[in-house]
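Some notes on the structure that comes next.
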Amino acid sequence: SESCQACHPDAYAAWQTTAHARSRDVLSPQQQKDVRCLSCHAPNQTDQKVSHVACESCHGGGQFYSARFVMKDSELARLVGLVDPGEKSCRGCHDGASPSLKPFDFNAKLKAIDHWSVERAKRKAAAAVVPPLKPEASASR
């Protein structure tokens, strides 16, 4: 997650305010030692030493797609491992077997973890500021 912050500071700042950023903190000391709990509350703890639900927990390991030139090509990024998570991937943890007292409402929960809107709005605004290319003189004949 910290490595993602360099290119996605707004997404990282927004993610820090979500329950995913503190997912392990809600577990009791006993649950923090239970692999069944940690498989969802800290899925990357063993291999990446990350003790919460971090970027790569949902978006896939970034070792192949994190390079800036790859991230500029969305098709290439997906080909080498970037995941656009959807309801099916969320239900890997948020399912009927999880001990939540409330049923999982994907659309409501998606709004609660929104970490992309600010960054997308900035990108869109920046693209709108770029002046269109002038047609070449020979093209107007």
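Listing for the model above:
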read-out	value
Proximal lysines relative to K102, as straight alpha-carbon distance under 19 Å, when same-chain residues fewer than 8 apart are discounted	K88, K111
In Hz, Karplus ³J(HN,Hα) per residue of the stretch 65-81 (6.51, -1.76, 1.60; θ = phi - 60°; x = Gly, Pro)	10, 6, 4, 4, 5, 6, 5, 6, 10, 4, 5, 4, 4, 5, 4, 9, x
Cα Rg over Rh - the stretch 50-89, Kirkwood	1.00
Whole-percent carbon and sulfur share, accessible surface of the stretch 1-53, 1.4 Å	53
Contact order normalised by residue count of the chain, Cα under 8 Å, 6+ apart, percent	24
Accessible area per residue, Å², the chain with all protein chains present, probe 1.4 Å	75
By accessible area with a 1.4 Å probe, ligands and nucleic acids excluded, highest first: order of D105, D10	D105, D10
The chain - mean residue ellipticity at 222 nm from DSSP helices (-39,500 (n - 2.57) per run, n ≥ 4, rounded to 500)	-10000 deg cm²/dmol
Per residue Cα convex hull volume in Å³ - calculated over the stretch 1-40	70
Reachable lysines from K122, criterion Cα separation under 16 angstrom, eight or more residues apart if same chain	K72
Quotient of Cα Rg and 2.2 N^0.38 Å for the chain, N being how many residues it contains	1.34
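The values are calculated or read from the model by the stated rules, or taken from the named source; none is laboratory data. Here the structure is a predicted model, which means the values were calculated and not measured. What goes into the accessible areas is simple: the full protein's heavy atoms, side chains included, and nothing from ligands, DNA or RNA. Shrake-Rupley method; radii C 1.70, N 1.55, O 1.52, S 1.80 Å.
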